[in-house]
Amino acid sequence: MLPAPFIQANTDGRLHSAAEVSVSPLNRGFLYGDAIYEVWRTYGKVIFAWDQHWARLERSAAALYFPTLPSAATMLAEIRRTASAYRDVTGYADELYIRLQLARGEGAIGLDPALAEAVHFVIMVQPCPKLTDVQLEGGQTLSVAQKLRRNPVEALNPAWKTGNYLNNLLCLREAKLRGADEAVILNQAGEITEAAVCNLGFVRDGVVVTPPLSAGILAGVTRGLLLSDIAARVGVPVREETIRPEALGGMEEAFLLSTTKDLQPVGAIDGHLYKTGPQTVTRRLKSAFGDYAGEQATRWALERMV
């Protein structure tokens, strides 16, 4: 077996390989999934959408009644240290994936959050995944999860980016067993929400449509930028609307939205085939997103270069 690729970690300020043990068994993130996290990536070696991700981290922390978080400036400095260490160890000079997890802390075993002592953090840095030519040209294959539905907003809101991912994981496993790359998850009303690790978008009659936040989805940063800026740059109308599985056959294109993938084309969902390639609306949007990311990299080069 080949050794796992090196991942640089930083646990509460201590730099080390992610292969080393660094978290106590009493850490509530380990015991109960009592944790929140965010993922950033770089464009032009500059951390992208720092403010949007940090604001979402704060919303997740407030929803889980977390104690006071480290400041954004403190975490940014630690992330830059971690990224620098990764580049020093590996010599890697391309774009990075950056994951920050904050757990409520350590304390006696028990569900009561008051048993925790303080917030602990772990940062991990590795190469940002790249789309292959096959993925870009042919798109991913998705399958609608049949056995499980999205956990409802009234139970554990999918808008909170927490350490509780069993719902997504099991839906993805079901899709993988059917030979798909990703899952399409329905809510309790049978409406399309999102994929296991991405938001979803579709193109119908030249208009981009995406499920609303009220369907029970994560408020994805890439999705938000598509709605607020990117679609307008290429003159594509975009709207949020309820989408049911029976509407999939009427869509012309489909795509995934996430921080690490930006816009990734979907070629098929359970036998429904979608257009992919250079002449699609999806490709125009992806190109516009790349332009936007480049502009942001130039703007924040001094403060957020890693």
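Residues of segment 116-142 that are farther than 20 Å from Ser60 by Cβ, touching a residue at least 12 places away in the same chain (Cβ under 8 Å), outside any loop (DSSP other than H, G, I, E, B) and of a type outside the set (Val, Ile, Thr): Gln126, Pro127, Gln135, Leu136, Glu137, Gly138, Gln140, Leu142.
If only residues of segment 7-35 that are in contact with a helix residue (DSSP H, G or I) (Cβ under 6 Å, 6 or more places away or on another chain) and closer than 29 Å to Trp300 by Cα are counted, the one that is surrounded by the fewest Cβ atoms within 10 Å (Cβ to Cβ) is Leu15. Only one of the numbered conditions (1) of a type in the set (Ser, Thr, Tyr); (2) within 23 Å of Cys128 (Cβ to Cβ); (3) in contact with a Phe, Trp or Tyr (Cβ under 9 Å, 6 or more places away or on another chain) is not met by Ser258, and that is (3). The condition (being β-branched (Val, Ile, Thr) and modelled with pLDDT under 95) is satisfied by just one residue among Thr74, Thr68: Thr68. Within segment 225-254, if we keep just the residues that are in contact (Cβ under 8 Å) with a residue 60 or more places away in the chain and within 30 Å of Arg99 (Cα to Cα), the residue that is surrounded by the fewest Cβ atoms within 10 Å (Cβ to Cβ) turns out to be Asp229. Select from segment 102-139 the residues that are of a type in the set (A, V, I, L, M, F, W, C) and exposed (fewer than 14 other Cβ atoms within 10 Å of the Cβ) and write down the one among them that is nearest to Ala180 (Cα to Cα). Among those residues, the one meeting the criterion is Val134. Checked against the criterion of being of a type in the set (Lys, Arg) and farther than 20 Å from Cys198 by Cα, the candidates Arg81, Arg150 yield just one match: Arg81. Could you tell me whether segment 188-206 includes any residue that is buried (at least 16 other Cβ atoms within 10 Å of the Cβ), assigned to a helix (DSSP H, G or I) and not basic (Lys, Arg)? Within segment 188-206, not a single residue is buried (at least 16 other Cβ atoms within 10 Å of the Cβ), assigned to a helix (DSSP H, G or I) and not basic (Lys, Arg).
Across segment 33-84, the qualifying residues are those that are hydrophobic (A, V, I, L, M, F, W, C), touching a residue at least 24 places away in the same chain (Cβ under 8 Å) and assigned to a helix (DSSP H, G or I), and the one among them that is nearest to Ala118 (Cα to Cα) is Ala61.
Take the residues in segment 36-68 that are aliphatic (A, V, I, L, M) and farther than 20 Å from Val125 by Cβ; name whichever of them is surrounded by the fewest Cβ atoms within 10 Å (Cβ to Cβ). Selected residue: Ala62.
The values are calculated or read from the model by the stated rules, or taken from the named source; none is laboratory data. Quick caveat: nothing in here was measured; it's all calculated off a predicted structure. Positions of Cβ are backbone-derived with ideal geometry, glycine not excepted, and every protein chain shown enters the neighbour counts.
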